[in-house]
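The values are calculated or read from the model by the stated rules, or taken from the named source; none is laboratory data. Bear in mind the structure is a predicted one, so any value in this text is a computation, not a measurement. Backbone-built Cβ (ideal geometry, glycine too); neighbour counts: all protein chains shown. When the accessible area is computed, the model is the full protein with side chains, heavy atoms only, and any ligands, DNA or RNA have been set aside. Shrake-Rupley method; radii C 1.70, N 1.55, O 1.52, S 1.80 Å.
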Amino acid sequence: MKKKISYYESKRDIRNEIAVLEMENVKADPHFHRCIEMLFIKDGEAEICAGTLKRTFRQGEIAFIGLYVV
């Protein structure tokens, strides 16, 4: 299996504002931000891998991912 290289997702950090996005069936490549990322699971479930964490979050749960954590 080829190892993926992480990248700085700067497009979300350019503006000094909170971005609210609603997405379905997203598979994100490893990335990091210079701000905290908050993920709210509206429906269903999502497997989230961040730092040493790998966990399935379910409907109604919130995941907080720290600054510069891949």
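Structural remarks
- Annotation: amide H-H contacts under 5 Å for His33 (H modelled 1.01 Å from N, sequence separation of 5 or more, or interchain): Tyr68, Val69.
- Given 12 as the ceiling on other Cβ atoms within 10 Å, longest exposed-site-free region of the chain for GluC sites (Glu not before Pro) in DSSP loops: 25-70
- Positive-end residue, the chain charge dipole about Cα centroid, Cβ charges, pick of Ile14, Ile48, Pro30: Pro30
- Rounded percent of accessible protein surface that carbon and sulfur make up, the chain, 1.4 Å probe: 53 percent
- Semi-axes of the equivalent ellipsoid for the range 13-70, Cα gyration tensor, largest first, Å: 19, 15, 10
- The trypsin sites (Lys or Arg not before Pro) of the chain that DSSP puts in a loop, and whose beta carbon has at most 15 other beta carbons within 10 Å, are Lys2, Lys3, Lys4, Arg15, Lys27, Arg34, Lys42.
- Sequence-distant contacts, meaning Cα pairs under 8 Å at least 6 residues apart, place the relative contact order of the chain at 32 percent.
- In the chain, chymotrypsin sites (Phe, Trp or Tyr not before Pro) in a DSSP loop with at most 16 other beta-carbon atoms within 10 Å: Tyr68
- Surface analysis of the chain yields an accessible area of 90 Å² per residue, using protein heavy atoms and a 1.4 Å probe.
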